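Heads up, the thing below is written out as structure tokens.
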Amino acid sequence: QVRLVESGGGLVQPGGSLRLSCAASGIEFSIYAMGWYRQAPGKQRELVAAISNGGATNSVADSVKGRFTISRDNRERTVYLHMNSLKPEDTAVYYCNADRYWAALTSGAGDYWGQGTQVTVSS
């Protein structure tokens, strides 16, 4: 059974930082590209960041460039989203996504999804 379990969300003040984690089980983690999506109330789900299976390639959305970074630890089977300088508009449910193929992952068609973790940025 494939499981992606996100953690690390919460309430943070503007300008603060959080690190989200996504622990994977049931897949051969090292061959999967991994990504983070988010969905705010009333908005479509959007890709925040993605990283290739070996970590050599990654991308982040323009809206978070310079503030968010993505990393992974294949030994720990975990992908991270490091979020700095958080803004109220970053408030959303953040989802972990996995797929063997970059194109599928970055188009929102990834095979596996986590249950999401809430991030709220508010003073």
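The values are calculated or read from the model by the stated rules, or taken from the named source; none is laboratory data. Here the structure is a predicted model, which means the values were calculated and not measured. Positions of Cβ are backbone-derived with ideal geometry, glycine not excepted, and every protein chain shown enters the neighbour counts. Keep in mind that these areas ignore ligands, DNA and RNA; they rest on the heavy atoms of the full protein, side chains included. Shrake-Rupley method; radii C 1.70, N 1.55, O 1.52, S 1.80 Å.
As for the range 16-30, it holds at least one residue that is of a type in the set (A, V, I, L, M, F, W, C) and closer than 12 Å to D90 by Cα. Look at the range 58-74: where a residue is under 10 Å from L47 (Cα atoms) and a partner is surrounded by fewer than 16 Cβ atoms within 10 Å (Cβ to Cβ) and among the charged types (D, E, K, R), sitting 6+ places away or on another chain with Cβ atoms under 7 Å, you get A61/E46. Screening A56, A98 for residues that are more than 14 Å from the chain's Cα centre (by Cα) and either over 23 Å from P14 (Cβ atoms) or of a type in the set (F, W, Y) (or both) leaves exactly one candidate, A56.
When the range 65-90 is examined, which residues are found to be closer than 26 Å to S122 by Cα, in contact with a Lys or Arg (Cβ under 9 Å, 6 or more places away or on another chain) and buried (at least 17 other Cβ atoms within 10 Å of the Cβ)? Spell out how you get there, then give the answer.
Of all residues in the range 65-90, those closer than 26 Å to S122 by Cα come to 65-71, 79-90.
Those left that are additionally in contact with a Lys or Arg (Cβ under 9 Å, 6 or more places away or on another chain): 67, 79-87, 90.
V79, Y80, L81, M83, L86, D90, listed by residue number.
Within the range 23-34, the presence of at least one residue that is within 26 Å of Q1 (Cβ to Cβ), among the hydroxyl-bearing types (S, T, Y), open to solvent by 40 Å² or more (accessible area, probe 1.4 Å) and modelled with pLDDT of 95 or more is confirmed. Residues that are more than 16 Å from E6 (Cα to Cα), modelled with pLDDT under 95 and touching a Ser or Thr at 6+ places or on another chain (Cβ under 9 Å) do occur in the range 37-47, at least one of them. Cβ-Cβ distances below 9 Å connect the following pairs, each with a first residue in the range 35-47 that is without any contact (Cβ under 8 Å) to a residue 24 or more places away in the chain and open to solvent by less than 100 Å² (accessible area, probe 1.4 Å), a second residue that is in a loop (DSSP other than H, G, I, E, B) and among the polar types (S, T, N, Q), and a separation of six or more residues or different chains: E46/S63.
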